[in-house]
Every structure is written in C-alpha cells, then in structure tokens.
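The values are calculated or read from the model by the stated rules, or taken from the named source; none is laboratory data. Please read all numbers here as calculations on a predicted model, not as lab measurements. All Cβ positions, glycine included, derive from the backbone under ideal geometry; neighbour counts span all protein chains shown. We work out accessible area using only protein heavy atoms, side chains counted, and drop any ligands, DNA or RNA first. Shrake-Rupley method; radii C 1.70, N 1.55, O 1.52, S 1.80 Å.
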Amino acid sequence: MESPRTRDPDLARLKQSYRAALGADPASGKAVRRFCAVAMAIHALVMVIEHRVFGDVFAGISMLHAGVFAGLVCVYAFLSHYRPIASAQLVQALIGGLIVVLIAQSEKGIASEYTPGLIFGFCAFPIAAPLSVRQIGCTILPTLFVFLVVPQWRTPVDFETYWLNAIFPIIGAIAGLLSTRVLDAIRFSEFEKRAELERARDELKALDAAKSRFTANVHHELRTP
C-alpha cells in the first residue's frame with residue numbers, strides 16, 4: 001500500500017526534476033567516465049593475461065574483446081558527455097555481457113574462473129552513475145538471468161555445483177540493487193534539501209520585495225498626503 005508521501009503529486013514532480021537534473025549534471029558524466037576508465041584498464045589487463053595463459057581460447061574471442069573495448073572507448077570519449085545515464089547502462093551491459101559470454105564458452109560453464117568477475121561487476125555497478133533501482137535493474141537482472149541459464153545449457157553440471165556457483169552472483173545482484181536504492185535515496189534527500197533551501201530563498205526574496213514596495217508606498221504617502 002502506497003503511503004501519502006508516495007502519492008503526493010508535489011513529491012512526484014520533485015522526483016521528475018531530480019531525474020532530469022541528474023541526467024543534465026556534468027558530474028554524472030564524469031562519474032561514468034571514471035568508471036569507464038577503470039573498466040578499460042581492467043579489461044586490457046584481462047586481455048593480456050588471457051592471451052598469455054589461454055592463447056588458443058583467446059584467439060577465438062579476440063574480436064569480442066575488441067568490440068567491447070571499442071564500445072567502452074566510445075562511451076568514454078563521446079556518449080558520456082551527452083547521455084550519462086544511458087552511457088552508464090551501456091557500460092554495465094557491455095561488461096556483464098562480456099563476462100557471461102566468457103563464462104558460457106568456458107569448459108567449466110557456471111563454475112568458470114570468470115564467475116567472480118560477475119559478482120564484482122554487480123557490486124561495482126551502483127558507483128558507475130547516479131542510477132535508480134529500475135535503471136540499474138534493466139542491466140543487472142537480464143545479465144543474471146542469462147548467466148543462470150546459458151552456461152548450464154552449454155555445459156551442464158550437477159545441482160550442488162550449480163547452486164554453489166550461482167548463489168554468490170545472485171547475492172551480488174541483490175547487493176547491487178540494494179546499494180543503488182540506498183545511494184539513490186541519499187542523493188534524492190540532498191536534492192530535496194537543496195530544493196527546499198532554494199524555495200525558502202525565493203520566498204524570502206518575495207517578502208523582501210513586498211516590504212520594499214510597502215515602505216516605498218508609505219514614504220510616498222507621507223511626502224504627498
């Protein structure tokens with residue numbers, strides 16, 4: 001059941017203003033670029049390790065790695081400057097999709113060495129940009145679903161092994177969503193306080209202007225009775 005505060009139309013408009021402000025805030029783009037830079041550095045390191053350790057396997061997925069890296073560069077250099085929220089979702093989709101593909105192509109399937117990377121991604125996604133739970137859920141939940149289905153379809157494992165390796169990514173996804181909810185609530189609270197201060201400032205200016213007009217009228221009447 002919705003609370004009166006949730007049904008408050010003024011609150012709904014304030015939340016719309018909050019979302020619009022986040023999308024237009026240069027700080028959002030900067031946060032995406034920082035996350036993207038870290039993702040590119042980690043991705044480059046992973047590519048080097050894979051090439052040296054799994055040379056034959058890496059040859060088969062080198063184009064995939066190149067495509068993901070090119071996508072990250074595009075987000076960093078262009079998209080994050082204009083659409084930071086959509087850019088953050090794209091970065092998450094690229095990272096999550098790459099890890100799921102690497103898990104699926106592994107002979108171990110869901111028990112692959114890449115599975116911890118998915119946990120890290122789910123927990124790190126909330127810091128990529130100021131996203132809502134719904135926005136980040138659009139990338140985390142589909143990625144988690146594909147992870148739970150595709151590797152098992154390609155390389156079946158026993159029930160115990162499956163859940164032993166699936167439980168931690170599931171917990172990571174839940175932690176990512178909960179972290180997003182907490183961080184988003186904190187950001188909205190700060191935005192709401194700033195809006196209240198601005199509203200109080202505008203009201204004070206209006207009162208000051210009214211007082212000035214009243215004083216001017218009194219002075220005028222006293223000078224010209």
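Some observations on this one:
- Cβ-derived FRET efficiency at R0 35 Å, Val48 paired with Cys138, nearest 0.05: 0.65
- Label point distance in nm, Leu164-Ala206, each placed 7 Å from Cα along Cα→Cβ: 6.7
- Heavy-atom accessible area ranking, 1.4 Å probe, most first, across Lys15, Lys193: Lys193, Lys15
- Partner lysines whose Cα lies under 30 Å from the Cα of Lys30, excluding those fewer than 8 positions away in the same chain, are identified as Lys15, Lys193.
- Counting only DSSP H runs of at least 4 residues, each contributing -39500 (n - 2.57), and dividing by the residue count of the chain, the helix-based mean residue ellipticity at 222 nm comes to -29000 deg cm²/dmol.
- Estimated from the Cβ-Cβ distance and a Förster radius of 22 angstrom, the FRET efficiency linking Ala185 and Arg34 is about 0.50.
- Selection among Pro169, Gln135, Met47 by position relative to the dipole of the chain gives Gln135 as farthest towards the positive end (Cβ unit charges, Cα centre).
- Cα pair count fraction exceeding 20 Å, expressed as % - the range 64-180: 41
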